Structures are given as structure tokens and as C-alpha cells.
Amino acid sequence: MRKISISPRTAIVIASVMLGGQLAQAQEGKPVSGGAITWGVATEPSCFDPHRASQQAAFFVARNYIDSLVGKKTDGTFAPWLATEWSISPDGKEYTYKLREDVVFHDGEKFDAAAVKANYDFVKKPENAANAVALLQYFDRAEVVSPYVVKLILTQPDSTFLESASNVKLGIISPKALAKGDLCGGGPVLAGSGPFVFERYSRGQSAVFVRNKDYKWGPGYAAHTGPAYLDRVTLRFLPEAAVRAGALTSGQVDLIEGVQPTDVALFADQAEFKLLTGPSGASTSFTFNINYTIPPADDVRVRRALRDGFDLEPLVKQVYLGTVPRAWSIIGPANPAYNKALVGAWGNNIAGANKLLDEAGWTGRDAEGFRTKNGVRLKIDVGYPQPYVRDNREVLIQGIQAALRKNIGFDLNLRIITAGEYAKNNANGNWTIYPNTDNPSDPARELWDMLGSKGFLYSNIANPDPQITGLIDEALRSTDVAKKRALTDEIQKLGVDQAFIVPMFAPSWFLAAKNNVNGLSFEAGLDSPSSAYDFWLAK
């Protein structure tokens, strides 16, 4: 297996992009308007409506046509966007936003306080089945103070609410479009206010966006103001990594995301290409989420044996060729809330894992060498929904599966399942192990999403652990920065100690492009590629 190294020149490009679009653009020369690009993407969104979407790969697509009230900057602070300014009441329960007065939706409707209220009300209503409702746990109602002032009122303080307002999942859609019903299919009916208009979608093939010529309300962190530089952006859905790489090297596309480690050498330090990478796990790590309420995982000894029964480091290096780090916490290492005390604190204790399973009574062996108790094999399914499988993550799980079988006789059974089967299991609370990265948000909200009593994994489980769920609820309410950080540190440690979670690696998003494609960057609020707003083509 060949070793991939990053040269100093490539490292400079990577560093500049990680700092944001402004620096990258300054080094690339003066932008010019015009032209079109084709972007090869790994995952076709199953839903283009950001309120309803659940794939992280769908959100950077939505950013091309959806704006938010505020924008999140690379330093973690917030910048004006559709809201020019905002204030928070002393009790932390009222957020008042003063809005821009010149914004127009793609369908010609005017953006105003009533539009904001319509969106938040829509997401909050259970009958609309909006996944974005997870960000509105404590949202009570919206009040139109004046045509361009809106007040969002909470039932209790929520330290994550400003970040939620910056999230594309709570991006603003034309109320006229909302009234038309299901917008998952995209196309012109999905009318946002973003820099591009959604022109058309061909299932299994492509989505096309054209420049919004009237756009002049970009986020405060953007590298320019006014309309986008490009006339047109076409996304081609190319799920096979080798096909994406081949499409770029042959000139069929101008840009690809989801570059695999084995393809890095095709683009690194090549005069005709540029290779860029985003932050390493600025949101959550790729993690086994273990349903600790279902046997045999209801025994902490079984969960800890699974956590410690293999050596993760060489498996991550083998699959990702040193391009991503192994994970120690569910929060990624590029996130300021990362608990560094967990580094080296767990894992790769095969003798200890075997001892735990002996103590738990799994002392028998079947004909295939797996441990048994009372004639039942020690087995837990990993249900991985097919729409979310990417970046060789299933290959890593297969490596872990083989190591656990060899080292401790544990049958970790990887099953690639349909989205429908996962949804049914989740609704019944009988999922077993769910492998995923969570969509970026405030760290307390991310921990709530994965481990909280009302988060998307445990909302249908009768008796989630009261200690960790209580700490998460406290972190959500806490507006004291130091106290909140202490709580999120404790939650991360408890999750690993109890083996409710087994973090695997901290993902990075890799982009490769023709050398004339400029203005590439990563959106801090998404931990993924930015929209094409700042992209431009050199003549």
C-alpha cells in the first residue's frame, strides 16, 4: 500500500482554505464574473428541502439557494446575513432580529418578519415532519414586531439557539413555496433567497443552479458582496470515487468532493489541479452509537469489550492512508469543545475485553469461534442506512468486525439497510448500533442529538440514562461559557466511559479542482464545502 504525503506547497493551499475564503481568494488574484462549472459530488440528496433533509451531504448543496438569519464565522462568532443585527433578552428567552429590507425570494415574494415567522412555525408543527425541529426544542413562538423586526421566544434559555439560527436546516424559504407542500424534489418550486436559483433536477444525474442576478445580501463572512461570479453550477451525482476522480482528470467536471485517500496523489502538487481539505472533525467524529437499552448491549461490560477489543489506529491508517486521525471523542479534534483528556484513555485492551466478557458470562464458543452464553451467540447488528454510506466507512467497519471476531469472539454484524428500515427501527426504539457523524451545530446540541433524551436516536426509547441526559439538558440551558464547557467535557467522558459511543475517526472533507477554479472554501457552520457563491474561473 503506497504512502501518501502532502508537500509544503499543498499544505499552504490547505491552510489558506481552512482559514476561510477571504485568504484563499486574496492569494488567487482578482475575481472575474462569468462562466459555468460542473461539480462532481459523491452523494445525491434524498431531499433538497433543508428543513426536512438529514444527510450532511445535502446541506452544502442547499446552501447554494438557501440563506439564514445569521452566518457562522470560522472563529465561532456570528455575522449578519438576512438579519442585520440581533439582541438577546437578559433572561435568555427572547431573540429579537432586525432584518434586511431589500431581500427578495426567487419566486418574487418579499422577505420580511412574516416570512421568518412562517418558516419557524412550519418547522415546529409536528405534521410537517421537519428534521430541523430538533433545533427548536425550546422554541415557543415567533412574533412580528414590525415588518422588518421579528422576535423569537423560547420556553427556557437555550445556549445553542443563535447557532441554530445560522444553520442551513433553519434557512428561510419563501412562505409561498412552503404552502405548496413537499419540496424534497427541488427545482424552481423550492424558492429560497440564495445566490443561485434552483433551475432543475434530474434524478440520478444532476441538479442545475443559475445565478441570482439580484443577489446582494451575502453573509458577513463571505469574500465579496453582490451576485455570485458564476453564471451556472451543475452538480453531477457520481457515487463511485474512481469515477469522480476520472471525471476530473479527463476534464468532464471542474471540481469534485469526496476525494478518496488513494486518489490524493492524482491531484496533490499537480500543476493542473489543486487539492484542498477542510477542518478535521469540526463537528462530530464518525462514531458507533450503541443502543445501551437492548441486550446484550444493556450490559456495560459487553459495550466496553466492544470498545476495547480492537486496535483502531492501524485500521484507520490502513483505510484512510494517514489522511484523517483516529477519534477519541464524539466531538472532533478541530472543535474547540473537544475533550483532549480522552486522548489515549481507552481502546486496544484486548486482554481486558476478554476478561470483561468472561465476567459477563459469555464463556462458551460456537463452531465459528464466536462467544456464546446459554447457547446464544454474542452478536450485535450495525445497521448502516445505504443513503449515508460514503468515504469507505463501511470498509473501516468491516475491519473492526474482523478484528473483534479474531480478538474476542464478538460478532459485530454489519448490515447495509434501507433508509425505511432505519426509520422504522428508530421509531420503535429498537435500533442496535447506528454509525454516523452528526450534522454540525453547537456542541451541546450535537451531544443532545446523539445522546439526549429527546434527540433523534433516543427520543423513542423509554428509559435513556438519566445521568447523561440530565447533564446534556443542563448544558443546553447554560449560558455561562466556562460552565457549559465543563459540562460538555463531562458528557464526552461519560459517553466513552460507559461505552454508549465508540468514536472511530475524525472526517475531513477533501476537494480537488482544476487549477482555474478559484474561491473555494469551507463553511464553518456546515463543516463541509461552502456554496459556490465565492467561486470564480480564471480566464
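The values are calculated or read from the model by the stated rules, or taken from the named source; none is laboratory data. All of these numbers come straight from a predicted model, not from anything done at the bench. In this analysis, Cβ positions are derived from the backbone assuming ideal geometry, glycine residues included, and neighbour counts consider all displayed protein chains. Side chains included, ligands, DNA and RNA excluded: accessible areas come from the protein's heavy atoms. Shrake-Rupley method; radii C 1.70, N 1.55, O 1.52, S 1.80 Å.
Residues considered: 285, 329. Of these, the only one that is closer than 28 Å to residue 401 by Cβ and touching a Gly at 6+ places or on another chain (Cβ under 6 Å) is 285. At least 1 residues being among the aromatic types (Phe, Trp, Tyr) is the threshold, and among the strands (runs of 3 or more DSSP E) wholly inside the range 270-379 those reaching it are 273-277, 286-290. One residue alone among 186, 192, 171 is in contact with a Cys (Cβ under 9 Å, 6 or more places away or on another chain), touching a residue at least 24 places away in the same chain (Cβ under 8 Å) and open to solvent by less than 20 Å² (accessible area, probe 1.4 Å), and that residue is 186. The requirement of being among the small types (Gly, Ala, Ser), over 20 Å from the mean Cα position of the chain (by Cα), at pLDDT 95 or above and not in a loop (DSSP other than H, G, I, E, B) is satisfied by residue 207. Right, residue 149: β-branched (Val, Ile, Thr), without any contact (Cβ under 8 Å) to a residue 60 or more places away in the chain, within 30 Å of residue 75 (Cβ to Cβ) and open to solvent by less than 60 Å² (accessible area, probe 1.4 Å) or not? Here the answer is yes, as residue 149 does meet what is asked. The residue pairs whose first member lies in the range 307-333 and is touching a residue at least 60 places away in the same chain (Cβ under 8 Å) and open to solvent by less than 40 Å² (accessible area, probe 1.4 Å), whose second member is assigned to a strand (DSSP E or B) and of a type in the set (Phe, Trp, Tyr), and whose beta carbons are closer than 6 Å, counting only pairs six or more residues apart or on different chains, are 316/505; 324/505; 326/505; 327/505.
Note on the range 210-232: residues that are open to solvent by 40 Å² or more (accessible area, probe 1.4 Å) and in a loop (DSSP other than H, G, I, E, B) total 8. Looking across the range 398-456, the residues that are within 22 Å of residue 492 (Cα to Cα), part of a helix (DSSP H, G or I) and of a type outside the set (A, V, I, L, M) come down to 443, 445, 446, 448, 449. Taken as a whole, the structure leaves residue 105 outside the set of residues that are closer than 19 Å to residue 215 by Cβ, over 27 Å from the mean Cα position of the chain (by Cα) and buried (at least 18 other Cβ atoms within 10 Å of the Cβ). Taken together, the residues in the range 463-506 that are polar (S, T, N, Q), crowded, with 17+ Cβ neighbours inside 10 Å and assigned to a loop (DSSP other than H, G, I, E, B) amount to 2.
Whether a residue is out of contact with any Asp or Glu (no Cβ under 8 Å at 6 or more places or on another chain), open to solvent by 40 Å² or more (accessible area, probe 1.4 Å), of a type in the set (S, T, N, Q) and not in a helix (DSSP H, G or I) was assessed, and residue 460 passes this test. So for the range 263-283 (the condition being at positive phi, among the acidic types (Asp, Glu) and in contact with a Leu (Cβ under 9 Å, 6 or more places away or on another chain)), does at least one residue qualify? So far as the range 263-283 goes, yes, one or more of its residues are at positive phi, among the acidic types (Asp, Glu) and in contact with a Leu (Cβ under 9 Å, 6 or more places away or on another chain). Candidates in the range 152-166 are the residues that are open to solvent by 10 Å² or more (accessible area, probe 1.4 Å) and either in contact with a helix residue (DSSP H, G or I) (Cβ under 8 Å, 6 or more places away or on another chain) or free of Cβ contacts under 8 Å to residues at least 12 places away in the same chain (or both); of these, the one that is nearest to residue 479 (Cα to Cα) is 159. Residues being surrounded by fewer than 22 Cβ atoms within 10 Å (Cβ to Cβ), free of Cβ contacts under 8 Å to residues at least 40 places away in the same chain and of a type outside the set (S, T, N, Q) are represented in the range 285-297 by at least one member. When the residues of the range 381-425 are filtered to those that are in contact with a strand residue (DSSP E or B) (Cβ under 7 Å, 6 or more places away or on another chain), open to solvent by 40 Å² or more (accessible area, probe 1.4 Å) and in contact (Cβ under 8 Å) with a residue 60 or more places away in the chain, the one that is farthest from residue 240 (Cα to Cα) is 419.
For residue 40, the test of being surrounded by 19 or more Cβ atoms within 10 Å (Cβ to Cβ), in contact with a strand residue (DSSP E or B) (Cβ under 9 Å, 6 or more places away or on another chain) and at pLDDT below 50 is failed.
When residue 235 is tested against (1) in contact (Cβ under 8 Å) with a residue 40 or more places away in the chain; (2) not in a strand (DSSP E or B), only condition (2) is not met. Touching a helix residue (DSSP H, G or I) at 6+ places or on another chain (Cβ under 9 Å), more than 30 Å from residue 420 (Cβ to Cβ) and open to solvent by 40 Å² or more (accessible area, probe 1.4 Å): is that true of residue 72 in this structure? For residue 72, the condition - touching a helix residue (DSSP H, G or I) at 6+ places or on another chain (Cβ under 9 Å), more than 30 Å from residue 420 (Cβ to Cβ) and open to solvent by 40 Å² or more (accessible area, probe 1.4 Å) - is met.
For the range 426-449, the criterion of being open to solvent by 20 Å² or more (accessible area, probe 1.4 Å), closer than 23 Å to residue 58 by Cα, at pLDDT below 90 and of a type in the set (A, V, I, L, M, F, W, C) is met by no residue.
For the range 108-134, a residue qualifies if it is free of Cβ contacts under 8 Å to residues at least 40 places away in the same chain and within 27 Å of the chain's Cα centre (by Cα), and the qualifying residues are 117, 121, 124, 125, 126, 127, 133. Among the residues of the range 238-251, the ones that are in a loop (DSSP other than H, G, I, E, B) and in contact with a helix residue (DSSP H, G or I) (Cβ under 7 Å, 6 or more places away or on another chain) come to 1 in all.
The set of residues in the range 339-370 being of a type outside the set (A, V, I, L, M, F, W, C), under 30 Å from residue 418 (Cβ atoms) and in contact with a helix residue (DSSP H, G or I) (Cβ under 9 Å, 6 or more places away or on another chain) consists of 368 alone.
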